[in-house]
Amino acid sequence: MVSFRFPFSFSQPPNPTPATHSSATSRPFTAAVTLAAGAAAFAAVAHTNPTNPFLQNALNFFLADRSLPLWGSLSLNDTPASVVDSKTGVSFPSVLDGTRRLLGIGLRRKRLLGLKNIDVYAYGIYADDIDVKKLLGKKYGKLSLSELQENKEYNDVLLETDIGVTVRLQIVYGKLSIGSVRSAFEESVGTRLQKFGGSDNQELLQRFTSQFKDEIKIPRGSIIDLSREPGYVLRTTIDGNDVGSIQSKLLCKSILDLYIGEEPFDKQAKEDVKLNLASILQE
Ligand code: DAO
Ligand code: DAO
């Protein structure tokens, strides 16, 4: 196993590759974790592939910042089964539902009574690989990483395109009540419904929050999947059980905006999503 300073680690190294990354290990990363086969293979490929300037650029970006591995440059065999978020210790599968690929991990924090911040949940953002290539490949596949970074439309492309997306929330706060979920939700999503939809969206908000029945428990460790299915259907599951589906482009956009919009809960997670999406588009 190779010791790297990254904010995440892979939980399943199938064939640990020997350490060959002395240049990379000296970089100033923020958290020390272990990095196994998947990204090691990637790093090796990128280092030894001067004919692919995109990969080199992407690698530089990747090393200068912190990020998930660039999936586009890993073969499926090299993809680790899951990625561990070092801030919370929560683990996210690299792939959900067969084709949804993990693009970024973030943390939702909340200030309590203006006093202290609590970690409410860690989240993973996934997008459907096939949809991404089909719907975005033609338009963005030819652009370089820096061109993509400057492209204004690309910034919002996951928000605006009918691509399967899942945001998986894993609760880390141990004392969440349904009441506090409802009111946080009315605040965060309510603001977005107004921003995108204008005045009267009370009914839509009501429809969504009425899915949160009083008897539902969401202890630490609960997994909530918020999925945008084709045709702008927002589907919610808790620990794998369906809670409900609502067809609304506005609701889908308002929810995803919390994570990949203009003011996301975790800015780094959004940057990771953009970078990993770019990497997949270069495949
Ligand atoms: O009042 O005890 C408290 C703390 C409540 C924090 C609520 C934050 C809720 C964030 C939404 C969670 C969605 C699953
Ligand atoms: O973090 O402010 C926020 C909003 C998160 C959206 C959470 C939706 C939660 C739906 C499941 C509720 C279960 C009772």
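List of remarks:
- Flag for Glu271 being within 24 Å of Val83 (Cβ to Cβ) and open to solvent by 30 Å² or more (accessible area, probe 1.4 Å): yes
- Test: Gly104 is in contact with an Asp or Glu (Cβ under 8 Å, 6 or more places away or on another chain) and open to solvent by less than 60 Å² (accessible area, probe 1.4 Å): yes
- The set of residues in region 115-164 being within 16 Å of ligand 1 (Cβ to nearest atom) and among the hydrophobic types (A, V, I, L, M, F, W, C) consists of Leu115, Ile118, Val120, Ala122, Ile125.
- Some residue of region 179-202 being more than 10 Å from ligand 2 (Cβ to nearest atom), open to solvent by 30 Å² or more (accessible area, probe 1.4 Å) and closer than 17 Å to Gly124 by Cβ: no
- Candidate set from region 162-178 (those that are near ligand 2 (Cβ under 10 Å from one of its atoms) and assigned to a loop (DSSP other than H, G, I, E, B)); member that is surrounded by the fewest Cβ atoms within 10 Å (Cβ to Cβ): Ser177
- Pairs with Cβ under 7 Å, 6+ apart, first in region 176-197 and farther than 17 Å from Arg108 by Cβ, second more than 10 Å from ligand 2 (Cβ to nearest atom) and not hydroxyl-bearing (Ser, Thr, Tyr): Leu193/Asn201; Leu193/Leu204; Leu193/Leu205; Leu193/Leu250; Gln194/Asn201; Phe196/Leu250; Phe196/Lys253; Gly197/Leu250
- Test result for Ala127, within 12 Å of ligand 2 (Cβ to nearest atom) and closer than 28 Å to Pro80 by Cα: no
The values are calculated or read from the model by the stated rules, or taken from the named source; none is laboratory data. No experiment lies behind these values; they were computed from the predicted model shown. For neighbour counting, all protein chains shown are included, and Cβ atoms are generated from backbone atoms with ideal geometry for every residue, glycine included. Note: accessible area is taken over every heavy atom of the protein model, side chains too, but ligands, DNA and RNA are not part of it. Shrake-Rupley method; radii C 1.70, N 1.55, O 1.52, S 1.80 Å.
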